[in-house]
Amino acid sequence: MEKQLGNLPEDVRYAEEDEIDLFELWNGLIEERKAILASLVAVVVIAAAYVFSVTPTYQSSAYFLPPEKDGIQELNRLDIQLGREGSYAPLSVMKAFTKNLNSRSILNGVFKENNLMEVYTFGSSKLVGADYQEAFNKAFESFLSGYSVNFPKQNANSSAVSAYLALQVSEQDVQRLLSEIVNQAIETTTKELREEVLFERQTLMDQTQKEIESARLIAKAKRMDRIARLGEAIGIARKLNLAEPKAVGPEVGIQGVQAQGLPLYYLGYKLLEAEKKALLERKSDDPFIEKLRGLEERLALLNAVQVNLNNVSVVRTDEAPTLGEKIKPKKALILAVAGVLGLMLGVFIALIRRAVKKRRAEMAAS
């Protein structure tokens with residue numbers, strides 16, 4: 001046979017030597033079945049040990065829609081009282097809620113209150129100072145990586161917003177924690193919007209009160225100016241001995257003097273002294289301020305505006321936080337992949353063993 005191969009062309013001879021005998025390969029794998037099986041079992045056992053020892057991760061989700069108009073009517077009470085168009089719309093209120101749903105301060109508060117650092121750093125209670133702060137920051141960032149708020153895409157028919165929380169705690173605990181975040185966001189948003197309304201109300205009340213005070217000061221200043229003019233006119237009338245109004249036309253009176261542009265002393269000192277005395281004895285200028293009652297009415301309306309938090313709904317819950325669903329580890333998938341990898345590793349080991357045995361047999365034969 002070797003002589004026959006020697007007579008063949010070199011490239012043909014090498015091709016025949018490099019050919020793989022599939023039947024021989026299969027028989028070799030059968031002979032090495034124990035090694036293949038051992039590799040398969042070992043990899044699957046390691047994967048199973050990991051799958052059943054690792055703490056599972058559960059995810060809870062919740063869905064939200066903009067509030068109904070009735071739910072935010074209380075926030076527009078100030079606008080209703082003033083006859084203005086409502087400042088708060090469902091989408092704007094929803095935006096304020098989602099801002100707080102993403103608030104790091106709220107998430108940090110829930111993280112601390114539930115001592116979630118222990119979930120990420122075992123024995124964290126023993127850490128102090130800079131070590132504790134570093135571990136806390138890493139744990140909190142890990143917590144944030146498992147939390148997300150998803151907004152509707154542009155031009156989407158739905159305006160629903162969803163929130164997800166994934167943690168290595170029980171399915172009940174992850175549901176409870178997401179509920180706490182949602183409730184904190186709702187409570188914070190409601191208080192912030194109420195404070196906005198009350199702040200605007202107080203601003204308008206202060207402005208109106210200043211207008212009232214200003215109107216009173218101006219009225220008093222005008223009265224004092226009138227008294228000064230009367231005093232001067234009385235002095236002139238007395239010097240001219242004009243006790244009664246001087247006849248200069250069909251009728252002389254206060255309105256007539258003012259209309260004709262005549263000097264005030266033409267009215268005579270008796271009439272002028274009576275008016276001056278009345279002005280000096282006046283205790284309040286309020287009845288003589290035309291816009292005062294309108295300002296006082298506005299102030300009373302503003303003071304009556306209150307925002308009842310029980311009647312405010314900043315969001316409509318489409319689906320409350322769900323019971324946690326296990327997302328890690330995926331046991332079936334991990335074990336299946338481990339089985340495939342174990343089988344591939346076993347075949348690879350079997351081929352190496354067969355090659356080593358064949359090499360030794362050839363060396364022994366030579």
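Quick notes
- Matching residues, segment 169-178, being in contact with a strand residue (DSSP E or B) (Cβ under 8 Å, 6 or more places away or on another chain) and not in a loop (DSSP other than H, G, I, E, B): Glu171, Asp173, Val174, Gln175, Leu177, Leu178
- Filtered residue count, segment 38-84, keeping only those that are outside any strand (DSSP E or B) and among the hydroxyl-bearing types (Ser, Thr, Tyr): 4
Okay, residues lined up against (1) surrounded by 15 or more Cβ atoms within 10 Å (Cβ to Cβ); (2) of a type outside the set (D, E, K, R); (3) not in a loop (DSSP other than H, G, I, E, B):
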{"position": "Ser159", "(1), (2), (3)": "no, yes, no"}
{"position": "Ile181", "(1), (2), (3)": "yes, yes, yes"}
{"position": "Glu195", "(1), (2), (3)": "no, no, yes"}
{"position": "Gln209", "(1), (2), (3)": "no, yes, yes"}
{"position": "Ala215", "(1), (2), (3)": "yes, yes, yes"}
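- Residue list for segment 85-100, filter: of a type in the set (Phe, Trp, Tyr) and part of a loop (DSSP other than H, G, I, E, B): Tyr88
- Figure legend. Inter-residue proximity from segment 284-303: first residues under 13 Å from Gln209 (Cα atoms), second residues in a helix (DSSP H, G or I) and among the polar types (S, T, N, Q), beta-carbon distance below 6 Å, spacing 6+ or different chains. Indicated pairs: Leu295/Thr208; Arg298/Thr208; Leu299/Thr208; Leu301/Gln81.
Here's the yes/no breakdown for (1) at pLDDT below 95; (2) surrounded by 17 or more Cβ atoms within 10 Å (Cβ to Cβ); (3) within 30 Å of the chain's Cα centre (by Cα):
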| position | (1), (2), (3) |
| --- | --- |
| Glu244 | yes, no, no |
| Pro250 | yes, no, no |
| Gln258 | yes, no, no |
| Tyr266 | yes, yes, no |
| Tyr269 | yes, yes, no |
| Gln306 | yes, no, yes |
| Ser313 | yes, yes, yes |
| Lys326 | yes, no, yes |
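- Subset tally (residues that are surrounded by 13 or more Cβ atoms within 10 Å (Cβ to Cβ) and not hydrophobic (A, V, I, L, M, F, W, C)) for segment 30-49: 3
- Count of residues meeting criterion [on the phi < 0 side of the Ramachandran plot and modelled with pLDDT under 85] in segment 67-84: 4
- Positions within segment 335-366 being out of contact with any Ser or Thr (no Cβ under 6 Å at 6 or more places or on another chain) and among the small types (Gly, Ala, Ser), in sequence order: Ala336, Ala338, Gly339, Ala350, Ala355, Ala361, Ala364, Ala365, Ser366
- Tallying residues that are touching a residue at least 40 places away in the same chain (Cβ under 8 Å) and either surrounded by fewer than 13 Cβ atoms within 10 Å (Cβ to Cβ) or of a type in the set (Ser, Thr, Tyr) (or both) within segment 328-366 yields 0.
- Selection count where residues are surrounded by 15 or more Cβ atoms within 10 Å (Cβ to Cβ), polar (S, T, N, Q) and more than 25 Å from Val54 (Cβ to Cβ), scope segment 103-130: 1
- Within segment 26-77, being over 41 Å from the mean Cα position of the chain (by Cα) and within 27 Å of Gln172 (Cβ to Cβ) holds for Ala48, Ala49.
The values are calculated or read from the model by the stated rules, or taken from the named source; none is laboratory data. These figures come from a predicted structure and were not determined experimentally. Positions of Cβ are backbone-derived with ideal geometry, glycine not excepted, and every protein chain shown enters the neighbour counts.
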